[in-house]
Amino acid sequence: MIYLDNAATTKMYEEAADAMLPFYTKCYSNPSEIYNFASESRKAVNDSRKCIANIINAEPSEIYFTSGGTESDNWAIFGALNLMREKGRHIITTCIEHHAVLNTCRYYERVGYEVTYVKPDENGIIDPHDIEAAIRPDTVLISVMMANNEIGTIQPVKDIGKIAAERKILFHTDAVQTFGHMPIDVKDMNIDMLSASAHKCHGPKGVGFLYIKNGVKIPAFHFGGKQERMLRAGTENVAGIVGFGTAASIINRRMKYNTEYITNLRRYFINRVLGEIKYVRLNGDMKNRLCGNVSFCFAYLDGEAIQIQLDLYDICCATGSACNAGIKAVSHVLEAIQVPEEYIHGSVRFTISEFNTVREIDYTVDKLKDIVSRLRGMSLEYKISIDKR
Ligand code: PLP
């Protein structure tokens, strides 16, 4: 099996899995209890908190563990709007956010908030001037993702953070695709809230964190016990948090090496596909791009058909377009960057990790070439386009 869907989730580091196990079977205490047995699980949670805080240049007291990226995004938006409810009801975000942000914003629109969805350029990059231009006296939150999950574009978060800080507007960033994959400094980037998730960086599923800058007093999202300094009730996912801390520390140590290794694989992959397959385009910016992201659109083809064919060779990848009940659904991100009509349905995303090899990329490209030419042989749209030339 060749796994090239690392933006969806990643293989857990063995070390992270090993570190978790004792917290299910031996040190299984509830960290809130006061007896001695509980001190080990409490210490383990706090050690993970320290490790994660250190990676993004935050204080441990600014890290709140959650169930993952979706919860962190929801909480950041809910919290900011509630904290600032006297000031206004306007949110600025982008039209290429993950649905964890987009659908939360859509909910708030339904209950009376106004949302400006800033568009990216055709490379998928948000212009900070467009964010600035969208600011109104009643703007209470700016939420812009650090990197896009579909096309991998890295946003100018530092510039946007500066604008938000100067205008005293809360700034949230969804760093689910970047935590552990590129350096993050919440102070230097003027970030008030940041979401991250363990399973995108070789940690376990179902655990993440929200960084909340000290002094930003957003309210609790969950109500119940006093965990996470009374802001996130519920018994801690101790083993998950330990796995997250372990994975975070390993990936952070390897970041420089991984970036170089994965970028080389990506370059090789892109060059082969663009050089050997016709009518294909690379989506997103070439420079400001997550090192593992390879997003193509194949003209006159359906991405889902390519994905299914690759699956027959045990190659896992993703598509931004799906055909459900005969209706072709197109990715909001590809629409936002104005991918031409003949290309937009043929999107396939490959996301590389440190576990992939050149041999795997070669095998994938070889199969992809066969599949594309076979499917094009059957594609009426393709034949018509060739006739017209
Ligand atoms: N934000 C982004 C950019 C993502 O890519 C994802 C997951 O794909 C999420 C949020 C949601 O994260 P989780 O799966 O941890 O809820």
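The values are calculated or read from the model by the stated rules, or taken from the named source; none is laboratory data. Everything numeric in this text was worked out from a predicted model, so none of it was measured. All Cβ positions, even for glycine, are placed from backbone atoms using ideal geometry, and neighbour counts span all protein chains on display. Surface areas here come from the heavy atoms of the whole protein model, side chains and all, with no ligands, DNA or RNA. Shrake-Rupley method; radii C 1.70, N 1.55, O 1.52, S 1.80 Å.
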May I ask you to list the residues in the range 145-168 that are over 25 Å from CYS297 (Cα atoms) and crowded, with 22+ Cβ neighbours inside 10 Å? VAL157, ILE160, GLY161, ALA164
Report yes if some residue within the range 365-374 is among the acidic types (Asp, Glu), farther than 21 Å from ILE125 by Cα and without any contact (Cβ under 8 Å) to a residue 40 or more places away in the chain; otherwise report no. yes
Being within 16 Å of the ligand (Cβ to nearest atom), free of Cβ contacts under 8 Å to residues at least 40 places away in the same chain and surrounded by 15 or more Cβ atoms within 10 Å (Cβ to Cβ) is the filter here; which residues of the range 95-111 pass it? THR104, CYS105
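Being in contact with a Pro (Cβ under 9 Å, 6 or more places away or on another chain) and either within 11 Å of the ligand (Cβ to nearest atom) or open to solvent by 20 Å² or more (accessible area, probe 1.4 Å) (or both) is the filter here, so list the residues in the range 4-18 that pass it. First the steps, then the outcome.
Going through the range 4-18, the residues in contact with a Pro (Cβ under 9 Å, 6 or more places away or on another chain) turn out to be 12, 16-17.
MET12, ALA17, listed by residue number.
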Kindly indicate the residue of the range 120-131 that is surrounded by 17 or more Cβ atoms within 10 Å (Cβ to Cβ) and not β-branched (Val, Ile, Thr) and also nearest to the chain's Cα centre (by Cα) among those meeting that condition. GLY124
Does PHE269 satisfy the condition of being assigned by TED's automatic domain parsing to the domain that holds GLY79 and among the aromatic types (Phe, Trp, Tyr)? no
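Would you mind stating whether GLY225 is outside any helix (DSSP H, G or I), open to solvent by 10 Å² or more (accessible area, probe 1.4 Å), out of contact with any helix residue (DSSP H, G or I) (no Cβ under 6 Å at 6 or more places or on another chain) and in contact (Cβ under 8 Å) with a residue 40 or more places away in the chain?
Values: outside any helix (DSSP H, G or I): yes; open to solvent by 10 Å² or more (accessible area, probe 1.4 Å): yes; out of contact with any helix residue (DSSP H, G or I) (no Cβ under 6 Å at 6 or more places or on another chain): yes; in contact (Cβ under 8 Å) with a residue 40 or more places away in the chain: yes.
For GLY225, the condition - outside any helix (DSSP H, G or I), open to solvent by 10 Å² or more (accessible area, probe 1.4 Å), out of contact with any helix residue (DSSP H, G or I) (no Cβ under 6 Å at 6 or more places or on another chain) and in contact (Cβ under 8 Å) with a residue 40 or more places away in the chain - is met.
Here's a check for you: in the range 217-234, which residue that is on the phi > 0 side of the Ramachandran plot and not acidic (Asp, Glu) is farthest from the chain's Cα centre (by Cα)?
The first filter runs over the range 217-234 and keeps only residues on the phi > 0 side of the Ramachandran plot, leaving 224, 228-230, 234.
Cutting the leftovers down to not acidic (Asp, Glu) gives us 224, 229-230, 234.
Values: GLY224: 29, ARG229: 26, MET230: 27, GLY234: 25 Å.
By that ranking, first place goes to GLY224.
Could you tell me how many of the residues in the range 172-189 are closer than 19 Å to ASN288 by Cβ and more than 11 Å from the ligand (Cβ to nearest atom)? Even if it seems obvious, please write down each step before you answer.
Here is the first cut: in the range 172-189, the ones closer than 19 Å to ASN288 by Cβ are 173-185, 188-189.
Going one step further and asking which of them are more than 11 Å from the ligand (Cβ to nearest atom), we end up with 180-185, 188-189.
Total meeting the criteria: 8.
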So PHE350 clears everything in (1) within 23 Å of TYR3 (Cβ to Cβ); (2) free of Cβ contacts under 8 Å to residues at least 24 places away in the same chain; (3) in contact with a strand residue (DSSP E or B) (Cβ under 7 Å, 6 or more places away or on another chain); (4) not hydroxyl-bearing (Ser, Thr, Tyr) except one condition, right? Which one? (2)
Please verify whether the range 166-182 includes one or more residues that are touching a Phe, Trp or Tyr at 6+ places or on another chain (Cβ under 7 Å) and modelled with pLDDT of 95 or more. no
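Filtering the range 192-207 down to residues that are within 13 Å of the ligand (Cβ to nearest atom) and of a type in the set (D, E, K, R), which residue is least open to solvent (accessible area, probe 1.4 Å)? Walk me through how you get there before you give the answer.
Step one: list which residues in the range 192-207 are within 13 Å of the ligand (Cβ to nearest atom), which gives 194-201, 203-207.
Subsequent filtering for residues that are of a type in the set (D, E, K, R) retains 200, 205.
On the way: LYS200: 30, LYS205: 129 Å².
Out of the qualifying residues, it is LYS200.
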Subset tally (residues that are over 27 Å from ALA336 (Cα atoms) and open to solvent by 60 Å² or more (accessible area, probe 1.4 Å)) for the range 253-267: 7
Would you check if there is a residue in the range 229-252 being farther than 30 Å from PRO22 by Cα and of a type in the set (S, T, N, Q)? no
Matching residues in the range 170-191 - criterion: being open to solvent by 10 Å² or more (accessible area, probe 1.4 Å) and farther than 23 Å from ILE241 by Cβ: LEU170, LYS187, ASP188, MET189, ASN190
Just the residues that are open to solvent by 10 Å² or more (accessible area, probe 1.4 Å), assigned to a helix (DSSP H, G or I) and away from the ligand (no atom under 11 Å from the Cβ), please, taken from the range 69-94. PHE78, ASN82, LEU83
Restricting attention to strands (runs of 3 or more DSSP E) lying wholly within the range 270-386, give those where 1 or more residues are surrounded by 13 or more Cβ atoms within 10 Å (Cβ to Cβ) and of a type in the set (Lys, Arg). 280-282, 327-329, 347-351
Which one of these is over 23 Å from ALA147 (Cβ atoms) and acidic (Asp, Glu): ASP314, ASP285? ASP314
